[in-house]
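Here is the structure we will look at, set down as C-alpha cells.
The values are calculated or read from the model by the stated rules, or taken from the named source; none is laboratory data. Please read these numbers as outputs of a predicted model, since none were measured by experiment. Cβ coordinates were reconstructed from backbone atoms using ideal geometry, including for glycine residues, and neighbour counts include every protein chain displayed.
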Amino acid sequence: MIRERNFSKKTTLLFIFLMVFCFNIHAGEKFKGGFKGGINLSSYISKNSIEHYWAVGSAGSSMSSSFTCGALISYSFNKYLTLQTELLYSQKKCHVEYENQVHGSGDYYFQCSKWDGFQELVYFEFPFLIKSTLILFQKEICKPYAGIYYSTLLDKKYEYDFSYVAKNIEGEITDSYKRKIIGQLSDVKNNDVGIILGAEINLSKMFKPLFLDTRLSISLDKVNESTTPGSVKNLTLLCSIGMKF
C-alpha cells in the first residue's frame, strides 16, 4: 500500500513537472497543455454477481452519473499524429438496488429486505493516448484516438437506504424499520488497467482552444480481489469539455 501511494505521488509530481516544462518550451506549438472536466456514466461488467452490499459489482447494479476532471499534455508529431497523456481525478459511481424476500412463521411469515443506493470507486487515472486526425473535404472533422490507462484507487465506498418489512400470514405489517448504511467496500484492488477508445472535436474556430471529448474505457482485468468470486470490470462513458493552450 505504501509503495502504491509513493508511486502515485511520484507520478503526480512528474506530471506537474512536465506541465511546467511544456509552458516554457517553444517548439512550433508541438507541445500543448490544458484542462478538462465532465460527466461520466459508470457501470460494472460482471459475471456471477452476488447480492452483498459490501461487495463491489453486487447484483442489481446499474449505470449512474458522476464526474471527472484533470489536466493534459500533448505533443504533435505532425498534422495527423499526436501523443497525449493526462492526470485525471475520476469518480465511478454505480446505482445498486435489490431486495431479498424470505418466508418464516407467525408474525414474521413474510420478510422483505431492500437496499437502494450506490457504490463509488474514486481513482487517480493516468491515460496514455495516440490520436489521429480525420479530415473530410479538407476540413478537420474530429481526432479519433485509442490508448490505455492506469488507475490508483483513492476511495471505495457504499451508501444505501435500507428498509425491512415483516408481515403475518394475513398480510398485516408486524415489524418494519429503515436506516442508512455507509461503509467501505472490502474487496477492491488498489489498481485498475484498461483500454480507451474515443474522439475529440474542436468546438469552433472562434473558440479554438475549446474542445469536446467523448470516450469509452473498459477494464482489462477484474477490479475485485482474487479471493472473491466472479469477475467485475469497470465500464465508463465520459463526455467532457476542455481547453488547450
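For Ala55, all conditions in the list (1) in contact with a strand residue (DSSP E or B) (Cβ under 7 Å, 6 or more places away or on another chain); (2) under 30 Å from Gly183 (Cβ atoms) hold save one; what is the number of the exception?
(1)
Of all residues in segment 199-218 being within 18 Å of Lys32 (Cβ to Cβ) and hydrophobic (A, V, I, L, M, F, W, C), which is modelled with the highest pLDDT?
Here the answer is Ala199.
Can you tell me which of Val96, Val122 is surrounded by 14 or more Cβ atoms within 10 Å (Cβ to Cβ) and either at pLDDT below 95 or not in a strand (DSSP E or B) (or both)?
Val96
Would you point out which residue out of Glu120, Glu99 is in contact with a Lys or Arg (Cβ under 7 Å, 6 or more places away or on another chain) and farther than 25 Å from Leu237 by Cα?
It is Glu99.
Can you name the residue in segment 219-237 that is under 11 Å from Ile45 (Cβ atoms) and assigned to a strand (DSSP E or B) and is also modelled with the lowest pLDDT among such residues?
Out of the qualifying residues, it is Ser231.
Can you go through Lys131, Lys189 and tell me which one is under 28 Å from Glu86 (Cα atoms), buried (at least 18 other Cβ atoms within 10 Å of the Cβ) and without any contact (Cβ under 8 Å) to a residue 40 or more places away in the chain?
Working: Lys131 fails: without any contact (Cβ under 8 Å) to a residue 40 or more places away in the chain.
Of Lys131, Lys189, the one residue that is under 28 Å from Glu86 (Cα atoms), buried (at least 18 other Cβ atoms within 10 Å of the Cβ) and without any contact (Cβ under 8 Å) to a residue 40 or more places away in the chain is Lys189.
Does any residue of segment 145-163 turn out to be assigned to a strand (DSSP E or B), modelled with pLDDT of 95 or more and surrounded by fewer than 13 Cβ atoms within 10 Å (Cβ to Cβ)?
yes
Give Tyr150, Tyr123, Tyr160 a once-over and let me know the one that is closer than 30 Å to Leu87 by Cα, touching a strand residue (DSSP E or B) at 6+ places or on another chain (Cβ under 7 Å) and in contact (Cβ under 8 Å) with a residue 60 or more places away in the chain.
After applying the criteria, what remains is Tyr123.
What do you reckon, is Ser65 farther than 30 Å from Asp175 by Cα, at pLDDT below 95 and surrounded by fewer than 20 Cβ atoms within 10 Å (Cβ to Cβ)?
It is true that Ser65 is farther than 30 Å from Asp175 by Cα, at pLDDT below 95 and surrounded by fewer than 20 Cβ atoms within 10 Å (Cβ to Cβ).
So for segment 35-50 (the condition being under 30 Å from Leu136 (Cα atoms), modelled with pLDDT of 90 or more, charged (D, E, K, R) and not in a loop (DSSP other than H, G, I, E, B)), does at least one residue qualify? Quick ask: steps written out before the conclusion?
Of all residues in segment 35-50, those under 30 Å from Leu136 (Cα atoms) come to 35-40.
Now restrict to residues that are modelled with pLDDT of 90 or more: 35-40.
The next check asks that each one be charged (D, E, K, R); those that pass are 36.
Subset that is not in a loop (DSSP other than H, G, I, E, B): 36.
Checking segment 35-50: at least one residue is under 30 Å from Leu136 (Cα atoms), modelled with pLDDT of 90 or more, charged (D, E, K, R) and not in a loop (DSSP other than H, G, I, E, B).
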